[in-house]
Amino acid sequence: MAEPLFYDLSIHLKSEDPVVLKKLSNLAQHLGYSGIAINSVDNSSKLVRSMEIDTINLLSSVELKISNASKLHGQIGKYLNKVDVITVVGGNESINRAAVENPNVDVLTRLATPKDNGFNHVLAKEAADHNVAISFDLGDIIHLRGGRRVHSLMNFRKNLLLVRKYDVPFILTSNAVSIFDMRAPREMIALAALFGMTREEAISGLSETPGAIALKKNHSPGYIMEGVLELDSSCVSDDLRGEHV
């Protein structure tokens, strides 16, 4: 059986400088990833373009944060043919519902508010029907402490039960905001076990579902979107290949 190809579809960077992207790709490859998505925030001046650096795919992604569910359709239309991955930041039930009912949404993340989990049986079924993946953002487990961490784990356990019951697609993400927040797939799998996810489920959430999202647009392995500046692989040293996070 072939080894799984791992993806992290939620990496945030403050710069799309080619040197930064090269360093990031080196580290991601060293950690064992085949692809990562660079999230641009809605209305940012620039979108990171899809490209392949060495043997890792950098996917373009946008993270939509809306205050009114009625605005979601229009926001999606802005980016539908510009990025590989469209992620909606959820929270209240109306926004979550709008996201899972829209087949152009790839990922729904941060489903909960401090007072409400924001996900239920109805939304789980809609997500399954429209093939919208639910993200388990393991950055919460990594960075939160005390009661907030416990609350996050409880929400993850509840959502995992719904994902299993309705066969909802799901992914595991780090939500990294720097190279120091990134974690290797084996560490992500261990973190997912804290809220009851099996090893097989975690591997699927890092490979099968995000891989299907990455390939959805039928990009060839060497495809580069229009306007991309190709990077010379010799322009930056491999100084991060031995770095631990």
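Things worth noting here:
- Chain lengthening between S94 and T198 when straightened (0.36 nm per residue, less Cα-Cα): 34.4 nm
- Remark: spin-label model distance F180-N131 equals 4.0 nm, labels positioned 7 Å along the Cα→Cβ axis.
- Its Cα centre serving as origin, region 29-215 has a Cβ charge dipole (Lys and Arg +1, Asp and Glu -1) of approximately 560 debye.
- For I142 and S70, a Förster radius of 25 Å and the Cβ-Cβ distance give a FRET efficiency of 0.15, rounded to the nearest 0.05.
- Computed from backbone phi, the HN-Hα couplings of region 57-74 come to 8, 9, 9, 8, 8, 10, 10, 9, 10, 10, 9, 10, 4, 5, 8, 5, 4, x Hz, rounded to whole numbers (Karplus: 6.51 cos²θ - 1.76 cosθ + 1.60, θ = phi - 60°; Gly and Pro given as x).
- Count of lysine pairs in region 29-215 with Cα separation under 26 Å (8 or more residues apart, or interchain): 17
- The length gained on full extension between T55 and V19, counted as 0.36 nm times the residue separation minus their Cα-Cα distance, comes to 11.3 nm.
- Note on region 29-215: percent of Cα-Cα distances in each 10 Å bin, starting at 0 and stopping at the bin with the largest distance, equals 9, 38, 39, 13, 0.
- Neighbour-limited loop hits for chymotrypsin sites (Phe, Trp or Tyr not before Pro), region 122-194 (at most 11 other Cβ within 10 Å; DSSP other than H, G, I, E, B): none
- Amide H within-cut-off set for A37, under 5 Å, with H built and near neighbours excluded: D8, L9, S10, I11, L59
- Residues with amide H under 5 Å from that of I53, placed H, sequence gap 5 or more: L58
- Sum of side-chain charges, D140 neighbourhood, beta-carbon under 9 Å (Lys, Arg +1; Asp, Glu -1): +2
- For a label point 7 Å along the Cα-to-beta-carbon line of M154, residues of region 168-212 with backbone N under 17 Å: 195-196
- Cut-off under 5 Å, modelled amide H: who pairs with F170 long-range: I134
- Packing around the peptides 139-145, 60-66, taken as the average count of other Cβ atoms within 10 Å per residue, puts them in this order, highest first: 60-66, 139-145.
Here, each number is a calculation from the coordinates, and none is a lab measurement. Not measured: the values here are computed from a predicted model. All Cβ positions, even for glycine, are placed from backbone atoms using ideal geometry, and neighbour counts span all protein chains on display.
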